[in-house]
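The values are calculated or read from the model by the stated rules, or taken from the named source; none is laboratory data. Worth saying up front: this structure is predicted, and the values here are computed from it rather than measured. Cβ placement follows ideal geometry from the backbone for every residue including glycine, while neighbour counts extend to all protein chains displayed.
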Amino acid sequence: MQPSIHVSREVLNDFSKAVELEWIETNGLGGYASSTVIGTNTRRYHGLLVSSGQGLNRFVLLSKLEEFLIIRGMRYDLSCNQYRETIHPAGHLLLSGFERYPFPTFYYEFDQIRLKKEIFMSYGEETTVILYTLLTPGQGKLHIRPLIAYRDYHSLTRENPALDPSVMAEQGKISLHPYPGMPTLIFHLNGGSFTGPPYWYRDFLYVRERERGLSDVEDLFSPGECIFPFTHDHPAALVVTSGEKEPDSPQQIRCREVKRRERILSSLAVRNTITESLALAADQFIIREKTGRAAILAGYPWFTDWGRDTMISLEGLLLCTGRYDEAREILVYYARLILDGLIPNRIVEGTGGCEYNTVDGSLLYLHAVDRYLKRTGDPHLLKALFPAMETVMLKYRKGTRFGIGMDPQDKLIYAGTPGLQLTWMDAKVGNWVVTPRMGKPVEVNALWHHALRRMDSWAESLRLKRDYGFLAEKVRDHFNKRFWYPEGGFLYDVIDTENGPDPSLRPNQVLAVSLNSPLISRERAVRVMELVRQKLLTPFGLRSLNPDHPAYRKRCEGGPWERDSAYHQGTVWAWLIGPYIDACIKVLPGRVGIHIMEPLIEQLKVYGVGTIGEIFDGDPPHQPGGSPAQAWSVAEVLRGYLALREHLK
């Protein structure tokens, strides 16, 4: 069974619609290739070879290609660019279809000529293959002019004299080394030839960057032109690599990658087009860094390795797809990084250093361990990780960094330092923390209670005497006394703030119902979930704030200040659909069905084609935004879908 996502000629020929649809291919190292379904780059992050250096430091090497075909004495431009003043050429008008699987595949049809272009990467290598196949009889010449950026993927470049334009030609390949300290880029021509002259293309416009209030114009350098003889029987292939290893043939790379993806699908316990599409999307976030360690990337194109995101995503990405070895490896690795009871919030790209500003990360780590043990029953891992998890509990009880610690009176967890964001609602604009949540956040204390219950059970299984169960009862009692907001009929979002309890209706309280350790009464849980369903539920996840709240922002758009100030003030988060489904199965079992997942599953066909993005506007039509490929969105949609299937059996 093979998933299928098709984009029609009607959409592809409409430039404004087509540039809204992006695709991404990844190489298992943190590198990727990405653009739109018509090949027009709309972000600084787009590129056909974005390599991942030491510590996930990424570089856009090959940005795109200028392509045209000479056949029957006519020239046909296949590429499409948006410049500051025009769109040229208009190759999107020759496209008849786009297919997402098995790889991004572009179909061109013009004057009774049909042409197919596929883009794929070699797994575990910094190598991209662009393979062209003529589907109708005939012969011609395919001209390809590479356009290189050679820069950090967060930045932009302009024409400059520092670039070395020289090209080294060898048998069947050319190589470039435009700047010192950057990798060499090698083009394997596979029967093609190379000719000059080199020159700059100026003023490419990246419309997504303009919408985001960022610098949006770039110049790209072309070293020359690759020319391929092109017939029905002999496809043309350009293999681009920044690695030292000589790549295999395009056909070998393609065949190997098709087989690798089939192995991923064959591990699925439930196999249909939905689980297959989500499993392939999940695979893109699972990498093995060049140091050899397994990791989960939080999203593409600009996120790297985030601890909180890893722990939320681990069950959906790895456990639901049968990748237990990688899950175990990640859990062991993070145990070694625990410092003062905290797992890293972020592993800094480039340096590999750790930032520890998270109160929920370590508690989510214990939750991820619990989910792994439930799936595998691995007693050896429990024994190995238990000391690290006890360190977490001890530090939370005695107090640790950033004001994180247990209140000796009510046994609840307090967290907060002025100017620092510690929960998942972590937007910060300059020195302004948009949602500071200093005090005792509701989901942190739900996770704290869950951690105590799990540690009590694990200690018993290891025949250790601990007081976790006793402490959990105290937490449960005080949680119910202190967090219940009787006038609203739901849970306070944060208590013990400098302004008293925060009665904002937010989705964080769902974790008090969704986790497997009962925390509030069924009656209260039903009231909470009915209100969440009425006020926060959308077709694409849960709003981060009640629309009736005066601070609610209906759109997450504009420049950095506008976007960050709306990020958790009404914006819809797809990942929250997972906890919502868990909670509904527990207390509203008749009110939830597979239909609730359909809009999110349909998102596989839009925005990030073949994956699911980060956020949506709070108000209809809930325009998608943020990262077009987000790990915890894919993870929780897959996990939630499987949980609903099991529930409805």
**Prompt:** Which condition breaks for Lys411 when tested against (1) under 27 Å from the mean Cα position of the chain (by Cα); (2) in contact (Cβ under 8 Å) with a residue 12 or more places away in the chain?
**Reply:** (1)
**Asked** Does segment 54-89 hold any residues that are of a type outside the set (Ser, Thr, Tyr) and either assigned by TED's automatic domain parsing to the domain that holds Ile296 or free of Cβ contacts under 8 Å to residues at least 40 places away in the same chain (or both), and which are they?
**Response** Gly73, Met74, Arg75, Asp77, Leu78, His88, Pro89
**Item:** Residues (in contact with a Ser or Thr (Cβ under 9 Å, 6 or more places away or on another chain), surrounded by fewer than 21 Cβ atoms within 10 Å (Cβ to Cβ) and not in a strand (DSSP E or B)) located in segment 121-141
**Value:** Tyr123, Glu125, Pro137, Gly138
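From the list Phe194, Phe204, Phe221, Phe187, which residue is in a strand (DSSP E or B), free of Cβ contacts under 8 Å to residues at least 60 places away in the same chain, surrounded by 13 or more Cβ atoms within 10 Å (Cβ to Cβ) and within 33 Å of the chain's Cα centre (by Cα)? Outline the logic, then answer.
Details: Phe194 fails: within 33 Å of the chain's Cα centre (by Cα); Phe204 fails: free of Cβ contacts under 8 Å to residues at least 60 places away in the same chain; Phe221 fails: free of Cβ contacts under 8 Å to residues at least 60 places away in the same chain.
Checking each option against the conditions leaves just Phe187.
Could you identify the single residue in Arg524, Arg543, Arg553, Arg506 that is in the same structural domain as Val429 (by TED's automatic domain parsing), touching a Leu at 6+ places or on another chain (Cβ under 9 Å) and more than 30 Å from Tyr607 (Cα to Cα)?
Details: Arg543 fails: more than 30 Å from Tyr607 (Cα to Cα); Arg553 fails: more than 30 Å from Tyr607 (Cα to Cα); Arg506 fails: more than 30 Å from Tyr607 (Cα to Cα).
Criteria check complete, one pass: Arg524.
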**Item:** Residue under evaluation Phe402, criteria (1) out of contact with any Phe, Trp or Tyr (no Cβ under 6 Å at 6 or more places or on another chain); (2) more than 16 Å from Gly361 (Cα to Cα), criterion not met
**Value:** (2)
**Request:** Working only within segment 506-528, note down all residues that are closer than 11 Å to Val442 by Cα and either in contact with a Ser or Thr (Cβ under 9 Å, 6 or more places away or on another chain) or basic (Lys, Arg) (or both).
**Result:** Arg506, Pro507, Asn508
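Anything in segment 397-456 that is aliphatic (A, V, I, L, M) and either assigned to a loop (DSSP other than H, G, I, E, B) or not assigned by TED's automatic domain parsing to the domain that holds Val510 (or both)? List them, or say none.
Ile404, Leu412, Leu422, Met425, Ala427, Val434, Met438, listed by residue number.
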**Message:** With the requirement that a residue be within 30 Å of the chain's Cα centre (by Cα) and surrounded by fewer than 22 Cβ atoms within 10 Å (Cβ to Cβ), what does segment 371-383 give you?
**Reply:** Arg371, Leu373, Lys374, Arg375, Thr376, Gly377, Asp378, Leu381, Leu382
**Prompt:** What tally of residues in segment 550-581 results from selecting those that are farther than 21 Å from Val207 by Cβ and at pLDDT below 95?
**Reply:** 1
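Can Ala635 be described as in the same structural domain as Gly541 (by TED's automatic domain parsing), among the aliphatic types (A, V, I, L, M) and buried (at least 18 other Cβ atoms within 10 Å of the Cβ)? Before the answer, list the steps.
Numbers: in the same structural domain as Gly541 (by TED's automatic domain parsing): yes; among the aliphatic types (A, V, I, L, M): yes; buried (at least 18 other Cβ atoms within 10 Å of the Cβ): yes.
Criteria met by Ala635.
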**Prompt:** Within segment 580-606, can you find the residues that are farther than 19 Å from Ser544 by Cβ and under 22 Å from the mean Cα position of the chain (by Cα)?
**Reply:** Met597, Glu598, Ile601, Glu602, Leu604, Lys605, Val606
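Residue-wise test of (1) part of a helix (DSSP H, G or I); (2) of a type outside the set (A, V, I, L, M, F, W, C); (3) under 20 Å from Ser514 (Cα atoms); (4) out of contact with any helix residue (DSSP H, G or I) (no Cβ under 9 Å at 6 or more places or on another chain).
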{"position": "Glu557", "(1), (2), (3), (4)": "no, yes, no, no"}
{"position": "Ile577", "(1), (2), (3), (4)": "yes, no, yes, no"}
{"position": "Ala583", "(1), (2), (3), (4)": "yes, no, yes, no"}
{"position": "His595", "(1), (2), (3), (4)": "yes, yes, yes, yes"}
{"position": "Ala635", "(1), (2), (3), (4)": "yes, no, yes, no"}
**Item:** Subset tally (residues that are closer than 17 Å to Gly196 by Cβ, assigned to a strand (DSSP E or B) and out of contact with any Asp or Glu (no Cβ under 6 Å at 6 or more places or on another chain)) for segment 144-182
**Value:** 11
**Complete:** Output for Cβ contacts, cut-off 9 Å, separation at least six or different chains, first residue outside the structural domain of Leu131 (by TED's automatic domain parsing) in segment 144-163, second surrounded by 16 or more Cβ atoms within 10 Å (Cβ to Cβ) and among the β-branched types (Val, Ile, Thr), reads none
**Asked** On the given criteria, is Ala335 among the small types (Gly, Ala, Ser), in contact with a Leu (Cβ under 6 Å, 6 or more places away or on another chain), surrounded by fewer than 22 Cβ atoms within 10 Å (Cβ to Cβ) and touching a residue at least 12 places away in the same chain (Cβ under 8 Å)?
**Response** yes
